[in-house]
Amino acid sequence: MIFEESDRLKSIPPYLFAEIDVIIKKKQEQGLDVISLGIGDPDTKTPDAVVQELCNEAWNKENHKYPSSYGLKAFKIAAALFYKKRFDIEIDPESEAIALWGSKEGIANIAYTFINPGDIVLVPDPSYPVYKIGTMFAGGTTYTMPLIEENGFLIDFKKIDKNIAKKAKLMHVNYPGNPTSAICDLSFFDKLVDFANEYKILVCHDNAYGDIYSEPKFKPASFLNAKGAKETGIEFYSLSKSFNMTGWRISFAVGNRDAIASLGKYKSNVDSGVFNAVQFAAAAALKNYDEYIDYNNKIYNRRRQKVWDLLEKIGLKFYRSFNTIYIWAKVPEGYSSASFAKLLLDKANVVITPGSAYGKYGEGYFRISLTISDERLEEALDRIKNVF
């Protein structure tokens, strides 16, 4: 028996990375060795001490009960202490922080929390697909904010239609950015706060890559570092990439207490919170963030340079960023993003992500992820070089 999908589900395309997985499996079934540079899923293991903390807390029967949808007190305190140490921002763990099943969940659910059918959400392009899809599921309408290389892939507030801005309720922002790897400075966040204040828009800043950088001078600021930021928005901080915890599904949001309370109100009706043992382990990760982040960044710096060297050798232009786990590069002349991705898949059995998957303004680019062992990365780069 086949059951008809809802109209909202019919309205969205299949999730990009699920499609990539299908392509890889088909190739593997044919006996081909496929190397994926497409998905940002760290290959380096979660720190041993964090895993041990999970094991210890998993044996505590008190943690087997329903957790709070708002988050474990110990985890929220650890998040607040982390924000004070890392960003010099005071966070009230009780009223200005909430635990999430990963940032993806929080980003999707923030739409259900604040968007009514027909409401406008400002979304950067190219960007993480969930900003747009979460809005669509909630019945909202997205307005595109183009990110172009000539402007450093920064949002140009002056080019946002004022009539649209007056109607907008929510705005997604992401720096350091996926897929572009672009970074902004504090002055940009100051402008963002001014814009949000003027038009009474809730800012949702996705800080998933805030602790992946090559050296201290490229260390990103938090949106909440901007004066008045807590009055205008919240920030999602993910442990997935910085601590190699993608499968753990643990994140948190901090910022405006009213927005946090509303998100918690929604979540308490649709989920029962993150397993407490995972939250205790995440708290242990945050307490030792310097050590873990430094270890990861050394690995990504080495791999980033390998990709840069290859792209320069074969004559492909790329955006030189010292942040995130991605390289954002231009496709060769005569190719679209999709046709170039198909070329490498067919000729080299290497998966890259076409820029068009992240929006209209991603066309002409492709993304390479650094989350693969050095040996496999070198093999993939050799295959790409041979195609050229």
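The values are calculated or read from the model by the stated rules, or taken from the named source; none is laboratory data. Bear in mind that the values here come from a model prediction, so they are computed numbers and not experimental data. Virtual Cβ from ideal backbone geometry, glycine too; neighbours counted across all protein chains shown. Heads up: the accessible areas ignore ligands, DNA and RNA and are worked out on the full protein's heavy atoms, side chains in. Shrake-Rupley method; radii C 1.70, N 1.55, O 1.52, S 1.80 Å.
Some points to look at:
- Screening LYS298 against (1) under 29 Å from SER68 (Cβ atoms); (2) basic (Lys, Arg); (3) surrounded by fewer than 23 Cβ atoms within 10 Å (Cβ to Cβ) leaves a single unmet condition, (1).
- Among residues of region 1-17 that are of a type in the set (A, V, I, L, M), those with a Cβ under 7 angstrom from a residue that is at pLDDT 80 or above, sequence gap 6+ or separate chain, pair up as ILE12/ILE133; ILE12/MET136; LEU16/PRO129; LEU16/ALA357.
- Listed by position, the helices (runs of 4 or more DSSP H) inside region 92-170 whose residues that are buried (at least 24 other Cβ atoms within 10 Å of the Cβ) and of a type outside the set (D, E, K, R) number at least 2 are 103-114, 130-137.
- In this structure, SER214 does not satisfy being open to solvent by 10 Å² or more (accessible area, probe 1.4 Å), on the phi < 0 side of the Ramachandran plot, without any contact (Cβ under 8 Å) to a residue 12 or more places away in the chain and of a type in the set (Ser, Thr, Tyr).
- Single match in ALA284, ALA277 (criterion: small (Gly, Ala, Ser), within 30 Å of TYR326 (Cα to Cα) and buried (at least 20 other Cβ atoms within 10 Å of the Cβ)): ALA284
- Among the numbered conditions (1) of a type in the set (Val, Ile, Thr); (2) open to solvent by 10 Å² or more (accessible area, probe 1.4 Å); (3) not in a loop (DSSP other than H, G, I, E, B), the only one that VAL203 does not meet is (2).
- Checking region 14-34 against the condition returns a match, with at least one residue being at pLDDT below 85, surrounded by 10 or more Cβ atoms within 10 Å (Cβ to Cβ), of a type outside the set (S, T, N, Q) and assigned to a loop (DSSP other than H, G, I, E, B).
- Pairs where the first residue, in region 50-75, is over 28 Å from TYR266 (Cα atoms) and the second is assigned to a helix (DSSP H, G or I) and among the aromatic types (Phe, Trp, Tyr), C-beta under 7 Å, 6+ apart: GLU53/PHE280
- Condition met for TYR70 (hydroxyl-bearing (Ser, Thr, Tyr), open to solvent by less than 10 Å² (accessible area, probe 1.4 Å) and closer than 18 Å to ASN256 by Cβ): no
- Only one entry of ARG320, ARG304 meets the criterion of being of a type in the set (Lys, Arg) and in a loop (DSSP other than H, G, I, E, B), and that entry is ARG320.
- For SER187: the one exception among (1) without any contact (Cβ under 8 Å) to a residue 24 or more places away in the chain; (2) of a type in the set (Ser, Thr, Tyr); (3) within 26 Å of ARG367 (Cβ to Cβ): (3)
- Among the residues making up region 209-238, those that are of a type outside the set (S, T, N, Q), touching a strand residue (DSSP E or B) at 6+ places or on another chain (Cβ under 9 Å) and closer than 22 Å to ALA261 by Cα are PHE223, LEU224, ALA229, LYS230, GLY233, ILE234, GLU235, PHE236, TYR237.
- For region 301-334, the candidate set comprises residues that are touching a Leu at 6+ places or on another chain (Cβ under 8 Å) and of a type in the set (Lys, Arg); within that set, the residue that is surrounded by the most Cβ atoms within 10 Å (Cβ to Cβ) is ARG304.
- Residue within region 191-199 that is surrounded by fewer than 24 Cβ atoms within 10 Å (Cβ to Cβ), aliphatic (A, V, I, L, M), in contact with a strand residue (DSSP E or B) (Cβ under 6 Å, 6 or more places away or on another chain) and over 30 Å from VAL274 (Cα atoms) present: no
- Any hit, region 223-244, residues being free of Cβ contacts under 8 Å to residues at least 12 places away in the same chain and open to solvent by 10 Å² or more (accessible area, probe 1.4 Å): no
- The condition of being part of a helix (DSSP H, G or I), of a type in the set (A, V, I, L, M, F, W, C) and crowded, with 20+ Cβ neighbours inside 10 Å holds for ALA79.
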